[in-house]
Amino acid sequence: MNDSSSLQSAHGAAKVAVIGAGMAGLSCATALHEAGCRVTLFDKSRGPSGRMSTRRAEGWQCDHGAQYFTARDAAFAEQVQSWVDAGCVAAWAPRLRAWSREAGWSQPGEAVTRWVGTPRMTAPAAAMVAALQAAGHALHLQHTVTGVHRTTYGWRIRVAELEAAGAAAHAALDAGLDAAFDAVVLAVPSHQAVPLLQPVAPAWAEQVEAVRMRGSWALMLRYAQPVATGLGWEAAFVNTPPLRWVACDSHKPGRPSAQETWLLHADADWSDAHIEDTPESVAATLMAAAAELGLPPPQAWTAHRWRYADTAPGTAAPLAWDPALRLGLCGDWMNAGKVEGAWLSGRDAARQAYASLRQAAGANAMPAG
């Protein structure tokens, strides 16, 4: 979505707040930047990237969210190539197998290029943030948005951390943001969007609340000595719960090699059934299942619970944009999941926001995206 002239509102460049700095939010913000909008990003976490996350500690790292991504859409393939050219994405070609207790080992049928961030999965998000900040857009981390509401002058944002700090801190934020936004995009999981939508669009909130998201337990294993060589594979789809995916994370390109690290992702239904279990109980169960695949006990492990990891199959996507409110939604949960779906969802929300703002500014056409 490129335009040689900036999109203007009644008080200068149109201002859009994007709540959430995962792939969908960053994709949306980037497209809005290309359209000439002034974008402000908010995220409750310490860093951007959402579920394209990497856990790091002394001597090791492990991607414990998205494991890789594919590029089937032409526009996303072009974006991936730009990341490759920038050195923040590379192809990953593990020796890949599939396993079930009934059928044993087999070879996965589909041949597809798998991409990963380098030197960690957060790298594409970091590159997008750097480009946005270089262009003058703002990113507010550790800012938990608790409410969005409309005034005569536009949308206002409420932030928990600033409210806790007192009225003066929130007034300072408002002053820095010119107090109001022309549009807002919620780039957050469905359960986080619902309380933000309820006061301003209750029927929409009810629709979003019907979306069922599933959890996922992730277990990161560390080994002092390599084990992948002896196994003969670096990644496996597992079709027998409690596991669904096992991979040698340190085999991915650009990873440090001080310790061999492995990632176990639990099956979604199993995770939902055990979402409130202790990390110790989950780790014991998942490591026992991994032992069936040949993985020995690790020297150390770390568990992470993704309470809302993906969308249950068959879930109907809710409305993505309300032109009257100038309020939108995006996220991987709205577009078949996965990194590519998040990126495409963000671009779609940006296009619709752009169209509404262009109409409000008195323009008739929108450039092709």
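The values are calculated or read from the model by the stated rules, or taken from the named source; none is laboratory data. Please read all numbers here as calculations on a predicted model, not as lab measurements. Counting neighbours? That spans all protein chains shown, and the Cβs are built from the backbone with ideal geometry, glycine included.
For this structure, a couple of remarks:
- Unmet criterion (only one of (1) in contact with a strand residue (DSSP E or B) (Cβ under 6 Å, 6 or more places away or on another chain); (2) of a type outside the set (S, T, N, Q); (3) closer than 18 Å to Trp92 by Cβ) for Leu231: (1)
- Listed by position, the strands (runs of 3 or more DSSP E) inside the stretch 214-272 whose residues that are touching a helix residue (DSSP H, G or I) at 6+ places or on another chain (Cβ under 7 Å) number at least 1 are 243-248, 260-266.
- Test: residue in the stretch 112-123 that is within 22 Å of the chain's Cα centre (by Cα) and assigned to a helix (DSSP H, G or I): yes
- Taking each residue of the stretch 143-171 that is of a type in the set (Asp, Glu) and looking for partners that are modelled with pLDDT under 90 and surrounded by 14 or more Cβ atoms within 10 Å (Cβ to Cβ) with beta-carbon atoms closer than 7 Å, six or more apart or interchain, yields Glu163/His170.
- Residue under evaluation Ala180, criteria (1) in contact with a strand residue (DSSP E or B) (Cβ under 8 Å, 6 or more places away or on another chain); (2) modelled with pLDDT of 95 or more; (3) not charged (D, E, K, R), criterion not met: (2)
- Pairs with Cβ under 7 Å, 6+ apart, first in the stretch 222-234 and among the hydroxyl-bearing types (Ser, Thr, Tyr), second loosely packed, with under 15 Cβ neighbours inside 10 Å: Tyr223/Gln299
- Per-region count, the stretch 57-103, residues closer than 30 Å to Tyr223 by Cβ, assigned to a loop (DSSP other than H, G, I, E, B) and hydrophobic (A, V, I, L, M, F, W, C): 4
- Filtered residue count, the stretch 39-56, keeping only those that are closer than 18 Å to Val145 by Cβ, outside any loop (DSSP other than H, G, I, E, B) and not β-branched (Val, Ile, Thr): 2
- Inclusion of Val129 among residues that are part of a helix (DSSP H, G or I) and farther than 25 Å from Ala266 by Cα is warranted.
- For the stretch 331-343, taking the residues that are touching a residue at least 40 places away in the same chain (Cβ under 8 Å) and surrounded by fewer than 24 Cβ atoms within 10 Å (Cβ to Cβ), the one that is farthest from Arg72 (Cα to Cα) is identified as Lys338.
- One residue stands out among those in the stretch 137-155 that are surrounded by fewer than 18 Cβ atoms within 10 Å (Cβ to Cβ) and in contact with a helix residue (DSSP H, G or I) (Cβ under 9 Å, 6 or more places away or on another chain): the one that is nearest to Ala86 (Cα to Cα), which is Ala138.
- Top-ranked residue of the stretch 94-118 - restricted to ones that are surrounded by fewer than 12 Cβ atoms within 10 Å (Cβ to Cβ) and among the hydrophobic types (A, V, I, L, M, F, W, C), ranked as nearest to His64 (Cα to Cα): Val112
- Qualifying residue in the stretch 293-316 (condition: touching a strand residue (DSSP E or B) at 6+ places or on another chain (Cβ under 9 Å), touching a residue at least 12 places away in the same chain (Cβ under 8 Å) and either closer than 30 Å to Ala14 by Cβ or assigned to a helix (DSSP H, G or I) (or both)): no
- Failed item, numbered, when Ala171 is tested on (1) out of contact with any strand residue (DSSP E or B) (no Cβ under 7 Å at 6 or more places or on another chain); (2) on the phi < 0 side of the Ramachandran plot; (3) at pLDDT 95 or above: (3)
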